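Peer 1: What follows is a single structure, and I will ask about it in a moment.
Throughout, read-outs are computed from the coordinates displayed, never taken from laboratory work. Keep in mind that what you see is a predicted model, and the values were worked out from it rather than measured. Cβ coordinates were reconstructed from backbone atoms using ideal geometry, including for glycine residues, and neighbour counts include every protein chain displayed.
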Amino acid sequence: MPAPGPKPMEPARDYPLFGGAFSAALPPGALDVSDLRPVPDNQEVFCHRVTDQSLIVELLELQAHVQGEEAARYHFEDVGGVQGARAVQVDNAQPLLLENLALRNCCQEAWVLSGKQQVAKENHQVAKDVTVHQALLRLPQYQTDLLLTFNDPPPDHRLSLGPENLSLPPWSLGDFEQLVTSLTLHDPNIFGPQ
């Protein structure tokens with residue numbers, strides 16, 4: 001009798017964010033980090049069950065002093081600074097087509113940026129080059145910059161590749177794109193009185 005094949009992948013699912021004020025399609029195997037440790041109120045953080053990959057959705061104050069690609073670079077460098085990155089390098093930045101976004105009616109401009117940040121994990125001395133993909137969705141009527149980040153560190157070869165892990169492949173850029181394009185606003189009151 002042949003061995004059972006890998007389990008079919010669970011499909012991406014719409015997940016409520018910020019108490020249901022938003023929702024988005026999360027990739028298979030996403031763990032809500034707030035179930036494991038405290039997360040700031042302006043963030044939703046998810047980690048992959050097997051890899052060191054993470055996805056972050058952040059509501060930030062609108063940085064009106066920077067526009068266009070410079071705004072995307074500003075947030076990329078700001079995140080690198082917060083994470084204590086030893087080096088930050090932008091590989092490419094380009095505008096996102098608003099018609100592809102669920103937030104197209106309230107998003108004035110959107111950018112996607114990819115680069116590398118040299119970051120050491122907590123309690124580690126050695127810094128790794130982490131590939132970082134970010135999408136910046138600008139919502140000036142709410143005085144908000146919505147920043148979505150996909151941290152994609154190099155694979156940890158010490159991870160066991162047992163059958164339970166093979167059924168959950170690492171997240172891809174396509175998974176991140178689905179998160180970005182599916183992000184939907186349900187309750188504008190999250191932004192406070194307008």
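Peer 1: Stretched out fully, how many nm does the piece from residue 173 to residue 67 gain, at 0.36 nm a residue minus the Cα gap?
Peer 2: Extending this stretch completely gives an extra 35.7 nm.
Peer 1: With N set to the number of residues, divide the alpha-carbon radius of gyration of the stretch 8-125 by 2.2 N^0.38 Å and report two decimals.
Peer 2: Working: Rg = 15.7 Å, N = 118, 2.2 N^0.38 = 13.5 Å.
Its radius of gyration relative to the 2.2 N^0.38 Å reference: 1.17.
Peer 1: For the stretch 93-144, which trypsin sites (Lys or Arg not before Pro) pass both filters: DSSP loop (anything but H, G, I, E, B) and at most 15 other C-beta atoms within 10 Å? Show your work: numbers first, answer last.
Peer 2: Values: sites: 104, 116, 121, 128, 138; in loops: 104, 121.
Those that pass, being in a loop and sparsely packed, are 104, 121.
Peer 1: For residue 115, what is the net charge nearby, where nearby means another residue's Cβ is under 15 Å from its Cβ and Lys, Arg count +1, Asp, Glu -1?
Peer 2: Numbers: positive: 73, 86, 116, 128; negative: 69, 70, 77, 78, 91, 129, 152.
So the surrounding residues net to -3.
Peer 1: Putting +1 on Lys and Arg Cβ atoms and -1 on Asp and Glu Cβ atoms, find which of 72, 83, 51 reaches farthest to the positive end of the dipole of the stretch 35-96.
Peer 2: 51
Peer 1: Further, regarding this structure: Once you list every other residue whose beta carbon is under 13 Å from the beta carbon of residue 97, what net charge do they have if Lys and Arg are +1 and Asp and Glu are -1?
Peer 2: On the way: positive: 104; negative: 99, 109, 177.
After counting each charged neighbour, the total is -2.
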